[in-house]
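This report concerns only the one structure given below.
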Amino acid sequence: MRQLFRHPMAAVAHVMLIATLFGCSDGETKAAPELPERICWNVFARADVAPLLPAGEKATLSARPFGLVEDLDSATCTLDIDGVTKFTAYATLHDFEDQVDWAPWAKARPETLDVGTKGIIWYDGAASYIVCEPSKTAATPGKYIDLHISTSDLPDEEKLRKALPALMRQFVAFTQKELNCR
């Protein structure tokens with residue numbers, strides 16, 4: 001090595017560079033598993049959701065049909081990676097606006113999200129609700145749809161916080177169209 005490198009530290013630097021380039025070649029960087037082109041009632045594009053997911057081997061998608069017809073009906077879509085839920089989108093129909101309760105997220109210190117009638121965003125999720133059909137009187141039921149998106153084990157919280165408003169806008173638009181909201 002003395003002939004190749006005039007300075008002893010150059011030899012050390014060369015060995016370290018080789019180790020950096022080749023030392024980790026046996027372990028590939030894992031990515032989120034392959035997803036369908038569209039997920040959760042065709043609301044979300046793979047390209048929008050995949051970067052928000054942790055690495056894994058197998059993705060499993062399950063969704064109940066999106067049909068909300070009576071109070072407390074709900075539709076849920078979950079995306080599991082290696083058997084553990086990592087992305088969830090769900091909608092619940094309420095007869096009255098005051099039934100929309102986000103108190104469980106108070107500890108997460110949510111911020112306001114300008115999506116739907118009212119929205120909030122926190123470190124790993126977002127919620128919004130829309131008025132599909134307002135109550136005509138205090139005793140007459142209406143149609144208030146409470147929407148949530150949540151994740152777990154997110155690889156990049158900042159990327160998620162930037163992506164959630166757009167995902168929630170897509171979810172709100174889909175719900176309004178699907179349920180023929182006025």
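Determine whether D71 is acidic (D, E), in contact with a strand residue (DSSP E or B) (Cβ under 8 Å, 6 or more places away or on another chain) and surrounded by 15 or more Cβ atoms within 10 Å (Cβ to Cβ).
Values: acidic (D, E): yes; in contact with a strand residue (DSSP E or B) (Cβ under 8 Å, 6 or more places away or on another chain): yes; surrounded by 15 or more Cβ atoms within 10 Å (Cβ to Cβ): no.
No, not satisfied.
Answer with yes or no whether G142 is at pLDDT below 95, under 27 Å from L61 (Cα atoms) and surrounded by 14 or more Cβ atoms within 10 Å (Cβ to Cβ).
Values: at pLDDT below 95: yes; under 27 Å from L61 (Cα atoms): no; surrounded by 14 or more Cβ atoms within 10 Å (Cβ to Cβ): yes.
No; evaluated as a whole, the condition is false for this residue.
Can A31 be described as at pLDDT below 90 and not in a helix (DSSP H, G or I)? Step through it out loud before you land on a result.
On the way: at pLDDT below 90: yes; not in a helix (DSSP H, G or I): yes.
In short, yes.
Out of L72, L79, L61, L53, I need the residue that is assigned by TED's automatic domain parsing to the domain that holds P165 and in contact (Cβ under 8 Å) with a residue 60 or more places away in the chain. Which one?
The match here is L53.
State whether the residues of segment 102-112 include one that is among the aliphatic types (A, V, I, L, M) and loosely packed, with under 13 Cβ neighbours inside 10 Å.
Among the residues of segment 102-112, at least one is among the aliphatic types (A, V, I, L, M) and loosely packed, with under 13 Cβ neighbours inside 10 Å, which makes the answer yes.
Looking at segment 35-46, which of its residues are touching a Cys at 6+ places or on another chain (Cβ under 8 Å) and surrounded by fewer than 18 Cβ atoms within 10 Å (Cβ to Cβ)?
Passing the criteria: none in range.
Could you check, for segment 94-110, whether at least one of its residues is assigned to a strand (DSSP E or B), of a type outside the set (F, W, Y) and within 22 Å of E178 (Cβ to Cβ)? Can you show your working first?
Taking segment 94-110 and keeping what is assigned to a strand (DSSP E or B), we get 94.
From what's left, of a type outside the set (F, W, Y): 94.
Then keep just the ones that are within 22 Å of E178 (Cβ to Cβ); that gives 94.
Looking through segment 94-110, at least one residue is assigned to a strand (DSSP E or B), of a type outside the set (F, W, Y) and within 22 Å of E178 (Cβ to Cβ).
Can you name every residue in segment 117-170 that is assigned to a loop (DSSP other than H, G, I, E, B) and either basic (K, R) or within 17 Å of the chain's Cα centre (by Cα) (or both)? Walk me through it before giving the result.
Start the filter on segment 117-170 by keeping residues that are assigned to a loop (DSSP other than H, G, I, E, B), which leaves 117, 123-124, 134-142, 152-156.
Those that are assigned to a loop (DSSP other than H, G, I, E, B) and either basic (K, R) or within 17 Å of the chain's Cα centre (by Cα) (or both): Y123, D124, K136, S152, D153, L154, P155, D156.
Quick check on segment 27-34. Is at least one of its residues loosely packed, with under 15 Cβ neighbours inside 10 Å and in contact with a strand residue (DSSP E or B) (Cβ under 6 Å, 6 or more places away or on another chain)?
No, because not a single residue in segment 27-34 is loosely packed, with under 15 Cβ neighbours inside 10 Å and in contact with a strand residue (DSSP E or B) (Cβ under 6 Å, 6 or more places away or on another chain).
Only one of (1) at pLDDT below 95; (2) farther than 23 Å from W41 by Cβ fails for L154. Which number is that?
(2)
Would you pick out the residues in segment 47-65 that are more than 17 Å from D156 (Cα to Cα) and surrounded by fewer than 19 Cβ atoms within 10 Å (Cβ to Cβ)?
Hits for segment 47-65 are E57, K58, T60, L61, S62, A63, R64, P65.
The values are calculated or read from the model by the stated rules, or taken from the named source; none is laboratory data. If you're wondering where the values come from, they're calculated on a predicted model, not measured in any experiment. Cβ: placed from backbone, ideal geometry, glycine included. Neighbour counts: every protein chain shown.
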